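Structure, as structure tokens:
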Amino acid sequence: MVTLHPSSGDPFRFGTEAFYAALGRAFVAMCAVVPFLFLIEAVDQGLAFGLDATAGIIPQRIDGLDGVFFSPFLHHGFDHLYSNSIPLILLGTFVLAAGARRFLWSTLVIILVSGLGVWFTGSPNSVVVGASGVIFGYLGILLTRGIVERSWWNFAVFLLVGLLYGWQLVGILPTDERISWQGHLFGLLGGVVAAILFRRRRPAVDGPDYSGDTLRLP
């Protein structure tokens, strides 16, 4: 007798212990990120470093290009940071739960696409800071992943995120001169790109799919 165990697919599929463990770890990790951002803001304000002006993105100026990497960690006051905290934790948790490596590479792509988009198209008389571009990037990942990975779990996340934050898509339009709609738009596009680049590919299986059942051969 030979017992074969065909691949059961994604080990982190919905309903498994691995899935819930990954989701829990991701939530704890994202909850740790936000206090770090608050610490940066507290130090910046307490010591009057003025990091917003010196480390933010200054569009179309070479001395403002380094802000592409620094600006997501900076905010224009605690109110700005408060407004970004909850969506950053929630959306980041779902993105991180799919894998730390994919999360890090996806975040890097979002930062680059969003930051460079702001630098090329923003007003040279402005300074842009905040994690909003990353948040819209995570939104783009979650909205795209359900399509490119053809997973019912990702489709469920798509619907949940759409119901909770779909209204924020208006932020990609130039409705308020105080808000960098370019950062939102290019962050969303960066998330779409990251979801496609780092999608989980299903392994090719020759022959019938036994859906994880045990096949016994004489």
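Residues of region 64-85 being assigned to a helix (DSSP H, G or I) and open to solvent by 50 Å² or more (accessible area, probe 1.4 Å), which ones? Explain how you work it out, then say what you get.
In the first step, residues of region 64-85 are kept if they are assigned to a helix (DSSP H, G or I); the result is 64, 67-73, 78-85.
Those that are assigned to a helix (DSSP H, G or I) and open to solvent by 50 Å² or more (accessible area, probe 1.4 Å): PHE69, PHE70, PHE73, PHE78, ASP79, TYR82, SER83.
For LEU108, work out the one condition from (1) surrounded by fewer than 17 Cβ atoms within 10 Å (Cβ to Cβ); (2) outside any helix (DSSP H, G or I) it doesn't fulfil.
It fails just one condition, (2).
Residue-by-condition table, conditions (1) at pLDDT below 85; (2) under 25 Å from ILE62 (Cα atoms); (3) of a type in the set (Val, Ile, Thr):
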site	(1), (2), (3)
LEU96	no, no, no
GLY99	no, no, no
LEU104	no, no, no
THR107	no, yes, yes
LEU112	no, yes, no
TRP119	no, yes, no
GLY140	no, no, no
THR144	no, no, yes
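Going by what's in this entry, would PHE49 be described as aromatic (Phe, Trp, Tyr) and over 19 Å from the mean Cα position of the chain (by Cα)?
Yes; evaluated as a whole, the condition is true for this residue.
Within region 174-196, is even one residue over 20 Å from VAL34 (Cα atoms), modelled with pLDDT under 75 and open to solvent by less than 40 Å² (accessible area, probe 1.4 Å)?
no
Among PHE136, PHE103, PHE120, PHE94, which is open to solvent by 60 Å² or more (accessible area, probe 1.4 Å) and among the hydrophobic types (A, V, I, L, M, F, W, C)?
Only one candidate qualifies: PHE120.
Could you figure out which of (1) buried (at least 21 other Cβ atoms within 10 Å of the Cβ); (2) in a helix (DSSP H, G or I); (3) not charged (D, E, K, R) isn't true of ALA53?
Result: ALA53 fails condition (1) only.
Given the criterion under 17 Å from LEU23 (Cα atoms) and at pLDDT below 90, identify the matching residue among TRP153, TRP167.
Only one candidate passes the filter, namely TRP153.
Return the residues of region 21-43 that are more than 20 Å from the chain's Cα centre (by Cα) and surrounded by 19 or more Cβ atoms within 10 Å (Cβ to Cβ); say none if nothing qualifies.
Answer for region 21-43, where residues must be more than 20 Å from the chain's Cα centre (by Cα) and surrounded by 19 or more Cβ atoms within 10 Å (Cβ to Cβ): just GLU41.
For region 1-50: of the residues being of a type in the set (Ser, Thr, Tyr) and part of a loop (DSSP other than H, G, I, E, B), which is modelled with the highest pLDDT? Please lay out each step first, then the result.
Quick first cut of region 1-50, residues of a type in the set (Ser, Thr, Tyr) only: 3, 7-8, 16, 20.
With part of a loop (DSSP other than H, G, I, E, B) added as a condition, the list becomes 7-8, 16.
Values: SER7: 39, SER8: 43, THR16: 72.
Ranking the qualifying residues of region 1-50, first place goes to THR16.
The values are calculated or read from the model by the stated rules, or taken from the named source; none is laboratory data. Since the structure is predicted, the reported quantities are computational estimates derived from the model, not experimental observations. Glycine also receives a Cβ, built like all others from the backbone with ideal geometry; neighbour counts cover every protein chain displayed. Accessible surface is based on the protein model in full, side chains and every heavy atom, while ligands, DNA and RNA are left aside. Shrake-Rupley method; radii C 1.70, N 1.55, O 1.52, S 1.80 Å.
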